[in-house]
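I have placed the structure first, in the form of structure tokens, so that the comments after it can refer back to it.
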Amino acid sequence: MEIFLASLCLLGTFLQCTGQASEFHLEGDYLIGGLFDIHHVSTPVYHDRPEANDCTSQQFLLPNYRRFQLMRFSVEEINNSTNLLPDVSLGYEIFDICSDIQSFPGILKLISVNGLIQTWGEPQKSLLKTIAVVGPFTSTQALTIAPLFMVDFISMVSYGASSSVFSRNQNFPSFFRTVHPNKDVIEVIVKIVQHFNWRWVAFLNSDNDFGSDGREIFMTKIKDTDICLAYTKSLTLQTNYTQTFKQIETQKIHTIIVFAPKMIVEALIDSAIEMNVTNKVWIADDGWSLNKNLPKKEGIKNIGTVIGVSQPVVTIPGFSDFISSAKSQMHCENAEQQIFCNQVCNCSSLGAEDIVTADPTFSFPVYSAVYAIAHALHNALQCRSGRCNLSPVIIKQLKKSNFTLLNHSIRFDENGDPKFGSYSIVFWNHRGDAEEVGFYHFHPWISFFINNTKIKWYTNGKVPTSLCSVECPVGFAKEHIGIHKCCFNCEICPNGTYVNTTVDPYKCNRCEENKWSAAGSTSCQLRVVEYIPFTDIGAILIMVGAWVLVGLTLAMSVVFAINYNTPVVRSAGGPMCFLILGCHSLCSISVFFHFDKPTSSFCFFRLFPFILFYTVCLACFVVRSFQIVCIFKIAAKFPNLNSWWMKYHGQWLIITVAFVIQALIHLIGYSNDPPKPYNDTASYPDKIILACDINITAISCSVVLLVLLCSLCFIFSYMGKDLPKNYNEAKAITFCLLLLILSWILFATVYMLYHGKYIQTLNALAVLSSLYSFLLWYFLPKCYIIIFQPHKNTKQYFQGIIQDYTKTISQ
């Protein structure tokens, strides 16, 4: 079937309405459709059969009627122009679509030819006289009717449908709009919220395509910001606003974003005034920020501060005169002219002043939409030198739009969205006016500005806060509470950590090994690297002491060598004395490696020479103590042991075994885990102590061997306490051992309490003290006798002492 007749069943019922001459229709060479919701159905109307809504019986919307008149004015202005569309007259067919989903009669008339609608897929037999449509206003209206126009690529230029879905060019190829999409309005709202550091907000949106789209975009925009959506609610005229405000108060939200049309917002604000909702910041979208009634309502000042995003008010020259002229002529029109349904207003009671001073929002989008269609038609008809020709297919020309209108460059991007315009940021002052306090420009580049001084907050000067949790002090990390990132506890970052709020405010980061921080820090500082240099006064004194010790051992060795065969030297140990003195000199090497920056070799020589050669020294004293006891006490009781000891040179065997055991301990331990330098960062938070990492197992075994030798030496010395004076080394050795033990006990005590750089100085001092104890209290008295008391260094003197001892024992 070539002609789709089913629609006529609907259309036939609509041609029965007659009335006053219509402002909705104007004849012309080409018609522009107009879709304006001059009236609005607040509650859906249900019918038992297909039937048109009588829009005149619904609520009248003055701002929308103003936009309707702006379209009429724009067409008349274009028709009076000699430059745009010369010799071509534009007409219009405008419909009052008071319902979002029940406004098809007017739509079907626009896409029909002579009352007939051609079916899809049929070849086009005649051209539609309607070349394009201005409107509709709401996103839901546009979503409902746009598919009917998209099929035949009839251009739609909406002045109010801002849902993001219309940016999908593949779904809406002939859809254009002169109003910015929701993403741009939401972008400005987010900028405002961030500008005033509000982080705990409510988002109230209308329960339709426009509101739902705005909420989804807002949630996406704040995902990577500090803003938290504490509460959201979809509103209708039937919503229980009391419950909504209770929820907002319970959650202590002080900033409320309202993204809804005029009627819902008025009901919401009325409820807020009635419930005495106070101390809030209200952020308005561009649909109600310039509302003329709300700022003057009684009690509006009590609800808090209202700021909003609005379209800049553009004064359109000649519009006021047009309205005045149109209103004066309305009563003279023919009252018998037949019109189509929903092309009646019954607005004769309105004065010109009422219309001109109504909410001007979306006025320039209507004006620029009509002009965009006219310019596209002008280019499609190839108008030159006052003449036009060819067919009016304008979709391609609309995409190429580039003209200037009231100092605005009108262009569209590839999705049909505007590449012109800006937003104003307004504040409802105490006079009931929307005062401009800032702007957001899109082109040629994005710029944002708010003059804070112009805003008079309900707090009398201070910017209100809207936070779930107060921002943490410097140096504190956040700890989440619940699901919202804006709700948190504050925990101070301990020593050695810091918080970087720009990267991750929820984590205390550890400082690098060479850095430190005090509790509550936001950055780390370099640690002070500490060690004892060779130039340190303490190091110099100890190294001088070590050189003195070497000198003393050398001098004593010379004295002992010269007096080698004397009784004092023989009783002191004879050849063993030179071994002890030589090992003392070798032990002193360790002292020099306790200073300067530790290296692997330094760490090795700090302990190895001292432990190894001091083992030999102690073994010599053990053997010497044992020999004295053996001569005077054991030989008589155990002659075989004495003979074995003399035959196999037991003293050298014991010394060799002790040396080999200690050397093996070092070899095995250090080959597996040699000592190495390390940075001690645990002892002090702000310092790095350069120290050596020692194999604990190896050093423990070495110390055990040394302790064993000390114990044996002490036991044998005690056993010989009553021997002849010149042969009794017990007191001297015991005293030396006590000094040795006391030195290391003191060092161990300090080491447990103090871990600073001077511990190496104390360690070197303990080593030096261990060496001096035997040198000064064992060998020095012998040298004194040799040099200053030579009469005591004779055989007769020693024999006399032995005889006295024998008599004493026999008694």
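The values are calculated or read from the model by the stated rules, or taken from the named source; none is laboratory data. Treat the numbers as computed from the prediction; the structure is a model and nothing was measured. No Cβ is skipped: glycine too gets one built from the backbone with ideal geometry, and neighbour counts run over all protein chains shown. Remember, those area values only see protein heavy atoms, side chains included, never the ligands or the DNA or RNA. Shrake-Rupley method; radii C 1.70, N 1.55, O 1.52, S 1.80 Å.
Determine if the range 173-194 includes at least one residue that is open to solvent by 40 Å² or more (accessible area, probe 1.4 Å), in a helix (DSSP H, G or I), in the same structural domain as residue 282 (by the TED database) and farther than 30 Å from residue 471 by Cβ. Checked against the condition, which is being open to solvent by 40 Å² or more (accessible area, probe 1.4 Å), in a helix (DSSP H, G or I), in the same structural domain as residue 282 (by the TED database) and farther than 30 Å from residue 471 by Cβ, the range 173-194 yields no hits at all. Looking at the range 215-315, the strands (runs of 3 or more DSSP E) lying wholly inside it that each contain 3 or more residues that are over 14 Å from residue 204 (Cβ atoms) and either not assigned by the TED database to the domain that holds residue 59 or not polar (S, T, N, Q) (or both) sit at 304-310. Within the range 768-811, the residues that satisfy the criterion of being part of a helix (DSSP H, G or I), modelled with pLDDT of 70 or more and among the polar types (S, T, N, Q) are 769, 770, 773, 796, 799.
Residue 398 meets all of the listed conditions (1) outside the structural domain of residue 188 (by the TED database); (2) out of contact with any Ser or Thr (no Cβ under 7 Å at 6 or more places or on another chain); (3) buried (at least 18 other Cβ atoms within 10 Å of the Cβ); (4) not in a loop (DSSP other than H, G, I, E, B) but one, namely (2). For first residues located in the range 789-801 and more than 11 Å from residue 567 (Cβ to Cβ), partners that are at pLDDT below 80 and lie 6+ apart or on another chain with Cβ distances below 9 Å form the pairs 791/797.
For the range 673-693, how many residues are touching a helix residue (DSSP H, G or I) at 6+ places or on another chain (Cβ under 7 Å) and either crowded, with 18+ Cβ neighbours inside 10 Å or of a type in the set (D, E, K, R) (or both)?
Of all residues in the range 673-693, those touching a helix residue (DSSP H, G or I) at 6+ places or on another chain (Cβ under 7 Å) come to 674-677, 692.
So of that shortlist, the ones also either crowded, with 18+ Cβ neighbours inside 10 Å or of a type in the set (D, E, K, R) (or both) come out as 675-676, 692.
So the count comes out to 3.
So, in the range 163-172, how many residues would count as being assigned to a loop (DSSP other than H, G, I, E, B) and of a type in the set (A, V, I, L, M, F, W, C)?
Quick first cut of the range 163-172, residues assigned to a loop (DSSP other than H, G, I, E, B) only: 163, 168-172.
Keeping just the survivors that are of a type in the set (A, V, I, L, M, F, W, C) gives 172.
Total meeting the criteria: 1.
Return the total of residues in the range 516-545 being open to solvent by less than 60 Å² (accessible area, probe 1.4 Å) and in contact with a Lys or Arg (Cβ under 7 Å, 6 or more places away or on another chain). Residues meeting the conditions: 5. Here residue 441 fulfils each of the conditions (1) within 30 Å of residue 409 (Cα to Cα); (2) open to solvent by less than 50 Å² (accessible area, probe 1.4 Å); (3) not hydrophobic (A, V, I, L, M, F, W, C) apart from (2). Of the residues making up the range 254-277, not a single one is open to solvent by 20 Å² or more (accessible area, probe 1.4 Å), in contact (Cβ under 8 Å) with a residue 40 or more places away in the chain and either of a type in the set (Phe, Trp, Tyr) or farther than 24 Å from residue 290 by Cα (or both).
Quickly run through the range 710-750 and pick out the residues that are aromatic (Phe, Trp, Tyr), out of contact with any Leu (no Cβ under 7 Å at 6 or more places or on another chain) and modelled with pLDDT of 90 or more. If you could, list the steps in order and put the result at the bottom.
Here is the first cut: in the range 710-750, the residues aromatic (Phe, Trp, Tyr) are 714, 716, 718, 727, 735, 744, 747.
From what is left, the residues that are out of contact with any Leu (no Cβ under 7 Å at 6 or more places or on another chain) are 716, 718, 727, 735, 744.
Scanning the range 710-750 gives a single hit, 744.
May I ask you to verify whether residue 591 is open to solvent by 30 Å² or more (accessible area, probe 1.4 Å), modelled with pLDDT of 90 or more, part of a helix (DSSP H, G or I) and within 15 Å of residue 769 (Cα to Cα)? Considered against the rule, which asks whether it is open to solvent by 30 Å² or more (accessible area, probe 1.4 Å), modelled with pLDDT of 90 or more, part of a helix (DSSP H, G or I) and within 15 Å of residue 769 (Cα to Cα), residue 591 comes out as no. Test residue 510 against the criterion of being open to solvent by 40 Å² or more (accessible area, probe 1.4 Å) and farther than 26 Å from residue 788 by Cβ, and give yes or no. Yes; evaluated as a whole, the condition is true for this residue.
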